[in-house]
1. Does at least one position in the range 139-146 carry a residue that is over 12 Å from the mean Cα position of the chain (by Cα) and either within 16 Å of the ligand (Cβ to nearest atom) or crowded, with 21+ Cβ neighbours inside 10 Å (or both)?
2. Consider the range 151-202. How many of its residues are touching a Lys or Arg at 6+ places or on another chain (Cβ under 8 Å), among the β-branched types (Val, Ile, Thr) and in contact (Cβ under 8 Å) with a residue 24 or more places away in the chain?
3. Under the condition of being at pLDDT 95 or above and part of a loop (DSSP other than H, G, I, E, B), which residue from the range 231-266 is farthest from Ile169 (Cα to Cα)?
4. Is there a residue being part of a loop (DSSP other than H, G, I, E, B) and touching a Phe, Trp or Tyr at 6+ places or on another chain (Cβ under 9 Å) anywhere in the range 209-229?
5. Return only the number of the condition from (1) touching a residue at least 24 places away in the same chain (Cβ under 8 Å); (2) more than 30 Å from Gln26 (Cα to Cα) that Leu207 does not satisfy.
6. List pairs: first in the range 1-25 and among the polar types (S, T, N, Q), second part of a loop (DSSP other than H, G, I, E, B) and within 16 Å of the ligand (Cβ to nearest atom), Cβ under 8 Å, 6+ apart or cross-chain?
7. Would you be able to tell me the number of residues in the range 30-52 that are closer than 14 Å to Met69 by Cβ and among the acidic types (Asp, Glu)?
8. Need the failing condition index for Gly126 against (1) out of contact with any Pro (no Cβ under 8 Å at 6 or more places or on another chain); (2) under 20 Å from Glu13 (Cα atoms), just the number.
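The values are calculated or read from the model by the stated rules, or taken from the named source; none is laboratory data. The model shown is predicted, which means the values in this text are computed figures rather than measured ones. Backbone-built Cβ (ideal geometry, glycine too); neighbour counts: all protein chains shown.
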Amino acid sequence: MKLTFIGGGVMGEAIIGALLNKGIVQAADIAVCDIAARRRRHLERTYRIKAVDSSAAAITGSDIVVLAMKPQDFPAAAKGMHSRLKASQTVLSIMAGISTTTIRDRLGHEAIVRAMPNTPAQIGEGMTVWTATEAVSPQRRRSVQEVLGALGQEIYVEDEKYINMATAISGSGPAFIFLVMEALIDAAVHIGMRRDMATPIVIQTLLGSARYAQASGKHPADLRNMVTSPGGTTAEGLLALEQAGIRAAFAEAIMAAYEKAKQLGG
Ligand SMILES: NC(=O)c1ccc[n+]([C@@H]2O[C@H](COP(=O)([O-])OP(=O)(O)OC[C@H]3O[C@@H](n4cnc5c(N)ncnc54)[C@H](OP(=O)(O)O)[C@@H]3O)[C@@H](O)[C@H]2O)c1
């Protein structure tokens, strides 16, 4: 399987690193096109892959062409690729917001996978939600699944509308969780704990809670009730969170991010 990355930034590099680490492809089978010379040098030196500045040259002979530039750079990048892709090649876009219809129109190409990864993909703990157009063969879908699986967990969805929803939940989600993390650390400092002590305590509490929820398979409310003794400290804290409208705040955040994702996609 030969892959070309158009855009070798943070996410492109995360995928390249994961694929090589897991031995899914060899360095000789990866090419990257990036307009930044500094990025090309970095990727060539770090991963021993071919890095070029012309997308037309990079996509020749590739099975999967990964679109990993920022959405706003896509129109310019698409000009260099329009009508140059063969029907047997698959375009795999990780760009936020840009629909498969827009990608098809801009590239003049039918076989498109649209995926929404997230930043924990950089350590193989990502959550990727993806969909594919009818022109993507079952065999190529399996290859794409293998590529995305290198980043962590992946879920295929039939309907593209779920990609915009996933953009709000798993794509933006890490930023929401980092905000919660920061708020808990600041609160610990506020009641008198040192920041260097509070940080690992908070991170492990979040990590342990997520792993426990995953391993137990129990409803989050059940897990919460198990640590809420009558008249206890947790009950007191939970009441304060409810009074501050925490559920509504998260609902608003997800709905706002979802609306933005739909808007970006036109
Ligand atoms: N980061 C996330 O959490 C996340 C999650 C899911 C999806 N995504 C999506 O992943 C994509 C990449 O994000 P990122 O954070 O990796 O961005 P990034 O670090 O800015 O990487 C994009 C790279 O592409 C290069 N580039 C721009 N235009 C190009 C062109 N025409 N041809 C070749 N290379 C070009 C950029 O060069 P210059 O710097 O010189 O412009 C940059 O090195 C975005 O579409 C984003 O929506 C990101």
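1. Yes - at least one qualifying residue is present in the range 139-146.
2. Count: 1.
3. The extreme case among them is Gly231.
4. For the range 209-229, residues part of a loop (DSSP other than H, G, I, E, B) and touching a Phe, Trp or Tyr at 6+ places or on another chain (Cβ under 9 Å): present.
5. (1)
6. Taking only residues 6 or more apart or on different chains, the pairs are Thr4/Ser62; Asn21/Gly124; Asn21/Ala150.
7. 1
8. Failing condition for Gly126: (1).
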